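What follows is calculated from the coordinates using simple rules that are stated; it is not laboratory data. Only a predicted model underlies this, so the values are computations on that prediction, with no experimental measurement involved. Cβ sites come from the backbone with ideal geometry, for glycine too, and all protein chains shown count toward neighbours.
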Amino acid sequence: MFRALSGIVIGVLLCPVLLYVWFTRGNPPVAVADPPLPFERQITHIPLHARIDREMPKTVPVQATAETFIAGAHIYREQCAFCHGVYGSPSTVGAHMFPHVPQLWQSHREGVVGVSDDPAGETYWKVANGIRLTGMPAYDKILTETQMWQVSVLLANADKPLPPEALTLLKTPLSYDVPAPVAMPAMPPKPTR
Ligand code: HEC
């Protein structure tokens, strides 16, 4: 009896010690290029989707009109394109973050573009609350509710024909994509007196 109990106590004490040794000596994944932990995707996605299913709004208060798409495209360029890319050109940083940033204007399986297969309410939840430990920000203190709906409705319709004004906004590369005009001089000019 005593041996069994002491075995349990030693086992319980050993767990945090081994964990500490692994944390400090074992090179657990911390850099973007490191491989994921076993079951990392499942551990993060199952509770995320359970929460979204419970909390996402079921009715959409914004109509899918040309005005909504154009307003959404302005918001998208200002707030989202740096990570999620513009139409026809992926973001520079997207593939160098962990997890990789989904490119929301890229077509994939059976005509789906970005998250056009997700209900607007699901995208709204992600935009409003963000996704912890991924780099996806929470916009509920940055954008108004209407603005969050406008960008969410735009993304839900990414596979549909969009008004030309919205498409032009979504296709124009971000200003920092423009190549630097002239190289800096190697040496600063000497002060003249
Ligand atoms: C700093 C980078 C960054 C910015 C800016 C950003 N996101 Fe994200 N976003 C991410 C990352 C990283 C993920 C992936 C999260 C994951 O894998 O769970 C993500 C995920 C998403 C998803 C879920 C995609 C999917 O495949 O399920 C949506 C929708 C989304 N973002 C919309 C937006 C919108 C709309 C904006 C702007 C209002 C925005 N994001 C701004 C980094 C960003």
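Things worth noting here:
- By the count of other C-beta atoms within 10 Å, a proxy for reagent exposure, Met187, Met97 are ordered fewest to most as Met187, Met97.
- Using a simple spin-label model with pseudo-atoms 7 Å out from Cα toward Cβ, Ala31 and Lys58 lie 4.9 nm apart.
- Here the residues Tyr87, Tyr139, Tyr20, ranked from fewest to most Cβ neighbours within 10 Å of their Cβ, fall in the order Tyr20, Tyr139, Tyr87.
- The range 9-75: C-alpha gyration tensor shape, a/c 1.5 cut-off, then a/b vs b/c: prolate
- Gyration tensor verdict on the chain (Cα atoms; rounded if a/c is under 1.5, prolate if a/b is larger than b/c, oblate otherwise): oblate
- Between Leu167 and Phe98, the modelled labels are 4.0 nm apart [label points 7 Å from Cα along Cα→Cβ].
- Cut-off under 5 Å, modelled amide H: who pairs with Asp159 long-range: Val113
- Annotation note: trypsin sites (Lys or Arg not before Pro) in the range 120-156 located in DSSP loop regions with a Cβ neighbour count of at most 10 within 10 Å are Arg132, Lys141.
- At full extension, Phe39 and Lys190 could sit 48.4 nm farther apart than now, given 0.36 nm per residue minus the alpha carbon distance.
- Ranked for footprinting exposure by Cβ neighbours inside 10 Å, fewest first, Phe82, Phe39 give Phe39, Phe82.
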